[in-house]
Amino acid sequence: MKVAWAGSRETLELSDRMAKLVANDPVFEKFTRPMLGRKELFKNTLRKAAHGWKLIVDLRLTEEEAKWLRLYIDEPAYTDLHWGMFIPAIEGQGTEEQKKKWLPLAQKMKIIGCYAQTELGHGSNVQGLETTATFDPQADEFVIHSPTLTSSKWWPGGLGKASTHALVYARLIVGGEFHGVHGFIVQLRSLEDHSPLPGITVGDIGLKFGNGAYNTMDNGVLRFDHVRIPRNQMLMRVSQVTKEGKYMQSDVPRQLIYGTMVYVRQTIVVDASKALSRAVCIATRYSAVRRQFGSRNGGPETQVIDYKTQQSRLFPLLASAYAFRFVGEWLKWLYMDVKQRLEANDFSTLPEAHACTAGLKSLTTTATADGIEECRKLCGGHGYLVSSGLPELFAVYIPACTYEGDNVVLLLQVARFIVKTVSELGYKQPVGTTAYMGRVATLMQNNCAVRTAEDWLNPGAIVEAFEARAARMAVACGRQLAKFENPEEGFAELASDLVEASVAHCQLIVVSKFIEKLQQDIPGKGVKQSLEILCYVYALFLLHKHQGDFLAVGYLTPKQALLANDQLRTLYSKVRPNAIALVDSFNYTDHYLGSILGRYDGNVYPKLYEAAWEDPLNDSDVADGFHQYVQPILKQKLHSAKL
Ligand SMILES: CCCCCCCCCCCC(=O)SCCNC(=O)CCNC(=O)[C@H](O)C(C)(C)COP(=O)(O)OP(=O)(O)OC[C@H]1O[C@@H](n2cnc3c(N)ncnc32)[C@H](O)[C@@H]1OP(=O)(O)O
Ligand SMILES: Cc1cc2nc3c(=O)[nH]c(=O)nc-3n(C[C@H](O)[C@H](O)[C@H](O)COP(=O)(O)OP(=O)(O)OC[C@H]3O[C@@H](n4cnc5c(N)ncnc54)[C@H](O)[C@@H]3O)c2cc1C
């Protein structure tokens with residue numbers, strides 16, 4: 001099962017080696033992080049990142065090994081955006097010449113970059129960005145300027161204190177004409193003493209959610225006062241500005257400017273499976289350790305993992321972790337396929353890639369953020385302790401629902417894609433993830449044929465159910481939209497219905513890809529059977545949770561919905577014997593989990609008790625301040641009879 005989760009024996013071996021390298025290095029200790037003040041915390045992050053980089057250089061780690069090393073260091077840092085966005089943006093939007101100049105500097109960390117797109121006044125609406133880049137043909141330069149307070153760059157990770165350069169997204173103005181938003185490489189700080197360059201105001205935006213957590217990252221604010229950069233620092237793969245001041249839009253779709261966001265969104269889907277699997281690993285192991293009620297004749301109390309309510313909350317999350325892992329694997333293939341096609345100037349699957357990365361990023365991050373919180377609740381009171389690992393995991397994870405695109409805004413992008421597909425059904429055969437809409441007539445007619453709970457253990461029945469739900473919801477939106485004279489007005493009015501139809505479409509993709517995964521060759525005795533059970537748990541859990549959709553579109557009867565729930569209960573009993581093996585398969589070290597509740601050895605109570613005394617508050621029996629503020633209350637003579 002470890003190989004199924006890792007993806008291959010090589011990846012399992014490589015990731016295991018990196019996990020142990022980090023876990024055995026005291027520099028990467030994590031428990032004290034929530035106790036540190038902001039400046040100490042940030043300095044500690046710089047120290048860890050420097051040590052990580054030293055390991056990469058000294059041990060000559062490959063790019064893949066370095067990626068796993070950074071993951072297991074498990075600390076948001078400026079390197080995330082340098083490697084995760086700044087470099088990919090230059091790779092995707094730079095000319096060959098620009099790549100030759102900037103990539104070696106960035107890959108050797110001679111410069112540190114960030115991705116500065118969002119502003120104080122605009123994040124979702126990229127076309128609304130206000131920073132300007134005005135071409136000066138006399139000097140053959142761009143003048144980068146922040147014309148308003150709301151044009152201040154705001155949020156970019158690594159910007160506040162670490163980055164020497166930024167990839168700045170600004171409104172391109174040539175000869176007084178606006179030509180859309182483009183990316184510009186701008187140096188922010190001196191490479192000598194790291195002081196901000198003339199015309200640059202830069203700093204951190206301040207504390208964020210939770211202790212420790214994302215406060216290890218210097219999300220920054222940045223303003224420009226007429227800063228000049230050479231013309232060749234505008235990324236010019238998509239569009240060019242000539243020395244003479246002529247704007248040239250190549251035949252590449254302008255949306256390629258957004259290509260880095262598409263890349264990061266697809267990585268975020270696999271990240272979701274990692275974050276959710278960590279929380280599920282903690283909650284599952286602790287649910288097996290925790291006993292509460294149910295003792296018979298003085299025997300042991302019941303393990304909470306044996307309660308049906310615990311199983312009905314926990315096992316769908318376990319199934320979701322595997323589902324997101326496999327759909328993330330497929331999405332990575334889709335992204336690489338689009339990237340190859342783009343190299344050959346084939347833009348045919350760009351809309352599908354945009355819709356899938358946007359929709360699956362939205363779906364998986366929402367489910368993962370909610371799932372980590374559910375795992376905290378599954379651990380009762382002890383889940384609320386920082387030493388459970390869950391509060392930090394939650395605090396670091398939840399911005400994923402916002403960054404790289406607010407999840408609702410992204411679902412509206414999927415909605416545009418779906419509505420367009422439905423409107424073209426009469427004359428254009430849908431392909432890829434919308435191919436099922438080509439069978440809309442059948443999907444509108446056929447109703448569910450399930451007669452027994454067993455009938456739900458049929459991939460065909462499940463896929464048809466999810467296809468019918470998605471198709472019928474999309475067609476219903478299409479019919480509603482047709483009633484509006486102004487399509488944009490209709491779209492705005494029906495936005496919530498469209499979002500729900502987008503969720504249905506994306507859930508169909510996740511279910512289908514899980515089923516497709518099971519058609520592949522999966523090594524290991526009993527592994528495929530265990531994954532099949534999880535696949536049915538995932539699909540039938542969704543069907544139960546969203547049964548309103550299936551009933552409203554007339555595909556399911558209430559009886560069939562009840563049979564699905566009956567089958568779910570049976571499936572939970574099948575998951576139970578393998579639950580611990582399924583989470584052990586994630587192969588996480590205690591260091592990476594950072595959780596006393598999720599310890600591999602299950603030695604929870606002694607370690608919880610031990611950890612309590614390490615809290616600084618227990619440095620003295622009588623807390624500082626007691627004698628000053630409490631003792632006088634205890635000692636005061638109360639004359640008023642009322643008290
Ligand atoms: C290692 C990891 C680190 C992991 C650690 C990560 C650390 C944190 C990283 C966070 C970094 C960030 O947050 S970076 C900042 C992230 N910001 C965002 O994601 C901003 C979200 N907003 C946007 O992407 C855009 O504003 C949109 C897509 C919402 C709207 O764009 P727009 O230009 O107004 O386009 P719009 O009119 O809606 O659509 C026009 C046409 O373009 C298409 N279109 C729109 N976008 C795209 C696209 N990306 N690709 C292709 N096509 C597109 C539409 O489908 C539509 O086609 P048609 O219908 O006409 O056919
Ligand atoms: C931890 C973190 C790290 C980040 N790192 C970076 C970075 O490195 N670089 C960078 O450039 N940015 C970064 N960002 C910024 C991030 O990309 C934006 O916050 C994100 O894109 C959301 O945009 P917004 O803040 O403008 O949200 P808004 O769009 O203002 O969202 C507010 C509300 O309005 C709703 N809304 C907005 N538009 C619509 C619409 N058309 N229809 C319906 N509802 C709508 C949203 O759904 C949401 O509920 C980061 C943010 C965070 C939290």
Handout entry: Counted residues, the range 356-381 - those being open to solvent by less than 20 Å² (accessible area, probe 1.4 Å) and within 16 Å of ligand 2 (Cβ to nearest atom)
Key = 9
Exercise for the section: Please enumerate the residues belonging to the range 75-99 that are open to solvent by 20 Å² or more (accessible area, probe 1.4 Å) and away from ligand 2 (no atom under 16 Å from the Cβ). Expected result: E91, T95, E96, E97, K99
Fill in the blank from the handout: Per the filter on the range 247-267, residues open to solvent by 60 Å² or more (accessible area, probe 1.4 Å) and in contact (Cβ under 8 Å) with a residue 24 or more places away in the chain are Q249, D251, R254, Q255, Y263
Problem - Filtered residues of the range 440-461 (kept if in a helix (DSSP H, G or I) and open to solvent by less than 40 Å² (accessible area, probe 1.4 Å)) - result: V440, L443, A453, W456, A461
Fill in the blank from the handout: Listed by first then second residue, the pairs whose first member lies in the range 376-404 and is free of Cβ contacts under 8 Å to residues at least 60 places away in the same chain, whose partner is in a helix (DSSP H, G or I) and surrounded by fewer than 19 Cβ atoms within 10 Å (Cβ to Cβ), with beta carbons under 6 Å and at least 6 positions apart or on separate chains, are C401/T366
Problem - Any chance L120 is within 21 Å of the chain's Cα centre (by Cα) and within 13 Å of ligand 2 (Cβ to nearest atom) - result: no
Fill in the blank from the handout: Counted residues in the range 382-422 being part of a helix (DSSP H, G or I), within 9 Å of ligand 1 (Cβ to nearest atom) and surrounded by fewer than 24 Cβ atoms within 10 Å (Cβ to Cβ) come to 9
Practice task
Would you check if there is a residue in the range 137-146 being closer than 20 Å to D406 by Cα and either among the basic types (K, R) or modelled with pLDDT of 95 or more (or both)?
Solution key: no
Exercise for the section: Give the number of residues within the range 94-123 that are within 12 Å of ligand 1 (Cβ to nearest atom) and in contact (Cβ under 8 Å) with a residue 40 or more places away in the chain. Expected result: 5
Problem - Complete set of residues in the range 133-164 that are away from ligand 1 (no atom under 16 Å from the Cβ), open to solvent by less than 10 Å² (accessible area, probe 1.4 Å) and outside any loop (DSSP other than H, G, I, E, B) - result: A133, F142, I144
Practice task
Could you tell me which of the residues R296, R278 is away from ligand 2 (no atom under 16 Å from the Cβ) and surrounded by fewer than 21 Cβ atoms within 10 Å (Cβ to Cβ)?
Solution key: R296
Exercise for the section: Can you tell me which residue among V440, V431, V450, V419 is under 24 Å from F541 (Cβ atoms) and either in contact (Cβ under 8 Å) with a residue 24 or more places away in the chain or β-branched (V, I, T) (or both)? Expected result: V450
Completion exercise
If you go through V181, V174, the only one that is within 14 Å of ligand 2 (Cβ to nearest atom), open to solvent by less than 50 Å² (accessible area, probe 1.4 Å) and not small (G, A, S) is V181
Practice task
Give K574, K607 a once-over and let me know the one that is among the basic types (K, R), modelled with pLDDT of 95 or more and either over 20 Å from I282 (Cα atoms) or open to solvent by 60 Å² or more (accessible area, probe 1.4 Å) (or both).
Solution key: K574
Completion exercise
Of the listed residues (G220, G199, G206), the one being in the same structural domain as S151 (by TED's automatic domain parsing) and either buried (at least 24 other Cβ atoms within 10 Å of the Cβ) or modelled with pLDDT under 95 (or both) is G220
Practice task
Check whether at least one residue in the range 344-365 is away from ligand 1 (no atom under 16 Å from the Cβ), within 13 Å of the chain's Cα centre (by Cα) and modelled with pLDDT of 95 or more, and report yes or no.
Solution key: no
Problem - Subset tally (residues that are outside any helix (DSSP H, G or I) and open to solvent by less than 60 Å² (accessible area, probe 1.4 Å)) for the range 38-69 - result: 1
Problem - Per-region count, the range 585-643, residues of a type in the set (S, T, N, Q) and touching a helix residue (DSSP H, G or I) at 6+ places or on another chain (Cβ under 6 Å) - result: 4
Completion exercise
Within the range 423-439, residues open to solvent by less than 70 Å² (accessible area, probe 1.4 Å) and out of contact with any Pro (no Cβ under 9 Å at 6 or more places or on another chain) come out as L425, P430, G432, T433, T434, A435
Fill in the blank from the handout: Among helices (runs of 4 or more DSSP H) entirely inside the range 546-643, those with 3 or more residues being under 30 Å from E467 (Cα atoms) are 547-552, 558-575
Problem - Flag for S15 being of a type in the set (S, T, Y), within 28 Å of W5 (Cα to Cα) and either buried (at least 18 other Cβ atoms within 10 Å of the Cβ) or within 16 Å of ligand 1 (Cβ to nearest atom) (or both) - result: yes
Exercise for the section: Return the total of residues in the range 100-117 being in a loop (DSSP other than H, G, I, E, B) and within 16 Å of ligand 2 (Cβ to nearest atom). Expected result: 2
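The values are calculated or read from the model by the stated rules, or taken from the named source; none is laboratory data. Owing to the predicted nature of the structure, the values given are computational and were not obtained by experimental measurement. Here Cβ is always computed from backbone atoms with ideal geometry, including for glycine, and neighbour counts include all displayed protein chains. For accessibility, only protein heavy atoms count, side chains too; no ligands or nucleic acids. Shrake-Rupley method; radii C 1.70, N 1.55, O 1.52, S 1.80 Å.
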